[in-house]
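The values are calculated or read from the model by the stated rules, or taken from the named source; none is laboratory data. Owing to the predicted nature of the structure, the values given are computational and were not obtained by experimental measurement. Every residue, glycine as well, gets a Cβ built from its backbone with ideal geometry; the counts of neighbours run over all protein chains shown. In case anyone asks, the SASA skips ligands and DNA or RNA and just uses the protein heavy atoms, side chains included. Shrake-Rupley method; radii C 1.70, N 1.55, O 1.52, S 1.80 Å.
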Amino acid sequence: MGTQKVKLAVIIKNPSNDDEFLLTKQNPPPKFNDPEYDSHQDSVLWDLPSVQLSLLDGPLSSCQVKIEAEDNSLLELLNQFDLDSAVNQILGQVGLEKTTKVKWNFSKVVDEPEFGPANPAKTVYIVGELETHDGKLEDCCKWMSIKGCADLLMEVKPSNDRIGPLVVIGLLNESMQFSKLNIPPTLRSQEYPPGVKIVPMRSRTTKPFHTTNLVVFVPGASYNDFGGDNFVASGDALIIDPGCSSAMHKEFSFGMRCAFVLLMGSFPSWGKGCVALLMLLSIPSKRCAANISNNILDTDDWSLGYIPVLGSEEICIGGQRLRLISAPGHTDGHVALLHVTTNSLIVGDHCVGQGSALLDITSGGNMSDYFCTTFKFMDLSPHVLIPMHGRINMWPKHMLCGYLKNRRNRESTILKAIEDGAKTLFDIVAHTYADVDRSLWVPAASNVRLHVDHLAQQNKLPKEFSMQRFQSTCKLSFFSRWIWEYLRSSLYIKCRRLQVIKVVGAGAVAAVAVLYSVRQILSLAWECPVTHAFFTATTHETAKPPHISLLCFQL
């Protein structure tokens, strides 16, 4: 089993109404103990009672919890864990006595996709049938039917109660057949909220992540019949940010007859993946694909032109209303997408599933814009945040407040370093990220530069601090000093362990990293303005070439 986490999710049925099962109110993350942040609270989240399973230290002589299952291999899986303790914890969560008589049946096992950076988790679902119950429940529990859960998910108001992913993945997706999209068996996907498929695809992204979430609004998940001329585009399906390694290109063919492709980040990140997808949809012009991959969007070769949009426009996909949101900060043209039906917010690279986001200084990243966009997201009161890297987040306001707090703390540390005499980019990074691995100082430098710009805009920098001198230290000077510091720290660590061979390897890694980083930073000098686009391609059963059009985001 390794370090994989295994969770037990329990479906306890109402003995007086077989259509209902028990939900528990989920505990929110710890408060910040700061009124400014704690005043932003997410709405109540209801989900199946669950608990983390613990491996047994040794074989048990007897087990109180007996689970019936047709597959012996599944029983062997469960027998590795302390089920008695786990079930007793869950009974305690819902206010039932440990002696409560329950008939347990195995339901299914769901493997989480590889969102990273931690190993994917496994969830074991079991069904419990109470023999009797007096109907009284704790305040943190309530009975709910599948229809009641679906109504809460589909008739969303910004601050109403929410239904969690265990219910949707464990019960709703199969029972209500929201999706008709056939994901290749080689790819693991997650459908939450209903109608939204999230497929982590291997990509050349920034560590610690190794995948980029391909978000697909699927055909056949139609809840409302939106029509008319209120939308800038309408179609059957939407694919968001198809950036992945070339080895994954063949996996793009999901059998969709009509699809939009929306790029939320900058073209240098996603262009190749998008081109591969368009070619699979039989794009007729190789020159068009080359133009896309080279960020050249002002060509005369587009036969049907393009439609410029500014953000706040809406599109209709399979009967679902989606609203584009201008969200600069990560880049100058970054966009987010609100799934109006479920009030779910796809935030692109503004947030990540773990840790803090990197602002791309080479593509117009701006710290002031980042703060404004974060507040804009909180005003939307989304029910869930869907990032392009990592797991979804069920506590959006808490996560966004955490990002604000982290950025403000970093900015305070940077200002303190400057007030203490730091005048160069390297000195500020070394002070601010002293406890961080030296290999991460290069991407951290991007955020530091943007923080210094933000401090300058607010007139918070000391009068003796020279922005001109600071900017002159942001390229060759920074990299030369960083190389020395990286090698010095590596030599110190490796020599203490008497691993001379690894010292040479560290030098080689550093050299490669420098070449790559210098290329990224210096690309600012010749990089074209970032433009965001979504492309449409309609394929037919015949061999006719598809209809291609282009909508450009110039935010």
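Please say if segment 57-206 is rounded, prolate or oblate, where rounded means a/c under 1.5 for a ≥ b ≥ c the square roots of the C-alpha gyration tensor eigenvalues, and otherwise the choice is prolate for a/b larger than b/c and oblate otherwise? Cα axes put segment 57-206 in the oblate bin.
Please quote Rg/Rh for segment 73-125 to two decimal places, taking the Kirkwood radius as Rh and restricting both calculations to Cα atoms.
Ratio of gyration radius to Kirkwood radius for segment 73-125: 1.05.
Assuming charge only on the beta carbon of Lys and Arg (+1) and of Asp and Glu (-1), the dipole of segment 39-123 about its Cα centre is about 360 debye to the nearest 20. Summarising the label geometry, the points placed 7 Å from Cα in the beta-carbon direction at Glu131 and Glu36 lie 5.8 nm from one another. Note: segment 1-122, Cα convex hull, 177 Å³ per residue. Give, as a single signed number, the net charge of other residues whose beta carbon lies under 13 Å from the beta carbon of Asn366, with Lys and Arg counted +1 and Asp and Glu -1. It works out to a net charge of -2.
What FRET efficiency comes out for the pair Glu114/Ser54, r = Cβ-Cβ distance, R0 = 22 Å, nearest 0.05?
Computed FRET efficiency for Glu114 and Ser54 comes out at 0.40.
Near Lys122, which aspartates and glutamates are there with a Cα under 16 Å away, not counting those fewer than 8 places off in the same chain? List returned: Glu76, Asp82, Asp111, Glu112, Glu114, Glu191. Other residues whose C-beta falls under 13 angstrom from the C-beta of Ile11 contribute a net charge of -3, scoring Lys and Arg +1 and Asp and Glu -1. Packing, as the average of other Cβ atoms within 10 Å across residues, places the peptides 150-157, 73-80 in the order 150-157, 73-80, highest first. Taking all protein chains as they are arranged and a probe of 1.4 Å, the heavy atoms of Phe470 leave approximately 0 Å² accessible to solvent. Among 403-412, 162-171, 49-58, 314-323, sorting by the average number of other beta carbon atoms lying within 10 angstrom of each residue, highest first, gives 162-171, 314-323, 403-412, 49-58. The residues neighbouring Leu56, those whose beta-carbon lies less than 15 Å from its own, together hold a net charge of -4 under the Lys/Arg +1, Asp/Glu -1 convention.
Beyond 29 Å between alpha-carbons counts as too far, so tell me which of Lys31/Lys103; Lys98/Lys142; Lys25/Lys397; Lys25/Lys101; Lys7/Lys147; Lys5/Lys31 fall in that bin. In this structure, Lys31/Lys103 exceed 29 Å between Cα atoms. Taking a ≥ b ≥ c as the square roots of the eigenvalues of the alpha-carbon gyration tensor, segment 388-440 is classed oblate because a/c is 1.5 or more while a/b is no larger than b/c.
How large, in percent, is the carbon and sulfur part of the accessible surface of segment 399-489 at a probe radius of 1.4 Å? Ligands and nucleic acids excluded, carbon and sulfur give 51 percent.
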